[in-house]
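In what follows, a structure is listed as structure tokens, so that the remarks can point back to it.
Please treat every number below as a calculation from the coordinates, not as lab data. It should be emphasised that the depicted structure is a prediction, and the values quoted were computed from it without experimental measurement. Cβ: placed from backbone, ideal geometry, glycine included. Neighbour counts: every protein chain shown.
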Amino acid sequence: MLIKKPSDIKPSEITPESVYRSRRQFLNDGSKLLLGAAAGAMPGIANAQNRGGLKAPAPAGVPRPEAASWWADKFADIKPAPDAEPYFTGEIITPYEDVTRYNNFYEFGMDKSDPSSNSGEYKADPWSVEIAGEVARPGNYNLEDILKPHALEERIYRLRCVEAWSMVIPWIGFPLADLIKQFEPTSKAKYVEFETLVDPDTMPGIRSRFAIVKWPYREGLRMDEAMNPLTFMAVGLYGDVLPAQNGAPMRLVVPWKYGFKSIKSIVKINFRETMPNTTWNDLQAQEYGFFANVNPAVHHPRWRQDTERRLPQTLFSRSRIDTRLFNGYADQVASLYQGMDLARYY
Ligand SMILES: Nc1nc2c(c(=O)[nH]1)N[C@H]1C(S)=C(S)[C@@H](COP(=O)(O)O)O[C@H]1N2
Ligand SMILES: [Mo]
């Protein structure tokens, strides 16, 4: 999701997407189709792997992220995704390998493979989150206490990046609304702001002199967006804890907005009366708005947004599909933007 190339980035630092794709296709064709079928393409079939009968368990044989023992209890009983929209999509689920190896997480570097390659030192445990601002119960809470009251469920959502690629991901987590209610925001809380960890020791993208982001990465939602039942706090995917590269231990998932709203590895949640600044809007306001609703009629200044590449792409399937208004979740969220000019508030 490059902005106008800043003069301090050498061209050699940027891997053109097309080169990257062809390299991957060479490595991955074939095996991926099988993995896709085994892991997710049979949505109607309940899986008996004592993980709450998940629709999409992690495929056997892949290394799992490490987690503290209390996570095991949380993950022992997960409510599987229902069989109907919007918490499920009949589309083929993107294979685990692609979900965890093709990432945007600039704290670990700017190439799609950087987050999985460069996160070996990263530690998501112990973890605490600061709750601040217009809220009755501010403070520093450790993650275990934040998660305690919440039962985990699986949700299979489309993820549409502003760069015009997309995936279908089986998340594990709980509604953001439940977390918000837990801390009792005051009537002045009109927006929620989120911040990502800044740890130069374990996040090489932060140490890089080519970094373009002013850390910490920040995002925000209007309160009614945050309370919408689709808005999700994810702590896992494919039935297991989140890998570092996907935002361990806890990240936001807002499926009707471009992926950059779905901030990873959250350390602070701040309730505010005013609209917060957000990372990509600060970097390039004409290209990335606060709302960032997926919209095939509102193009990015440098590329169109009416189609997308559904990953994985292989020699056998190079699927380019139509992008849908609100990423296909219009029934659930269009009412939030009634009367708003979506071309102006992009
Ligand atoms: N902290 C942080 N969160 C982030 C990003 C990032 O660079 N840093 N990238 C965003 C973008 S552009 C996308 S598309 C999604 C990608 O999520 P995934 O790698 O789990 O698919 O994460 C979002 N969250
Ligand atoms: Mo993105």
**Fill in**
Under 5 Å from the placed amide H of residue 218, counting only residues 5+ away or on other chains, we find 279
**Asked** Under 20 Å from a point 7 Å along the Cα-to-Cβ line of residue 77: which residues of the stretch 151-185 have their amide N that close?
**Response** 151-155, 172-175, 178-179
**Complete:** Given unit charges at Cβ for Lys, Arg (+) and Asp, Glu (-), the dipole magnitude of the stretch 73-337 about its Cα centre in debye, nearest 20, is 680 debye
**Cα-based Lys proximity count in the stretch 73-337, under 14 Å, for pairs eight or more positions apart or on separate chains** = 4
**Prompt:** Farthest toward the dipole's positive end in the stretch 265-346, which of 345, 289, 312, given Cβ charges of +1 (Lys, Arg) and -1 (Asp, Glu) about the Cα centre?
**Reply:** 312
**Asked** When only C-alpha pairs under 8 Å and at least 6 residues apart count, what is the relative contact order of the stretch 73-337, in percent?
**Response** 22 percent
**Asked** Each residue of the stretch 99-106 in order: what ³J(HN,Hα) in whole Hz does its phi give by Karplus 6.51 cos²θ - 1.76 cosθ + 1.60, θ = phi - 60°, with x for Gly and Pro?
**Response** 4, 9, 10, 10, 10, 10, 7, 5
**Item:** Simple label model, 7 Å out from Cα along Cβ direction - residue 187 to residue 304, nm
**Value:** 5.0 nm
**Asked** From the square roots a ≥ b ≥ c of the eigenvalues of the alpha-carbon gyration tensor of the stretch 96-158, which class results: rounded (a/c under 1.5), prolate (a/b over b/c), or oblate?
**Response** prolate
**Message:** Please list, in order along the stretch 207-217, the HN-Hα scalar couplings obtained from phi with the Karplus expression 6.51 cos²θ - 1.76 cosθ + 1.60 (θ = phi - 60°), rounded to whole Hz, x for Gly and Pro.
**Reply:** 6, 5, 6, 8, 4, 10, 7, 8, 6, x, 4
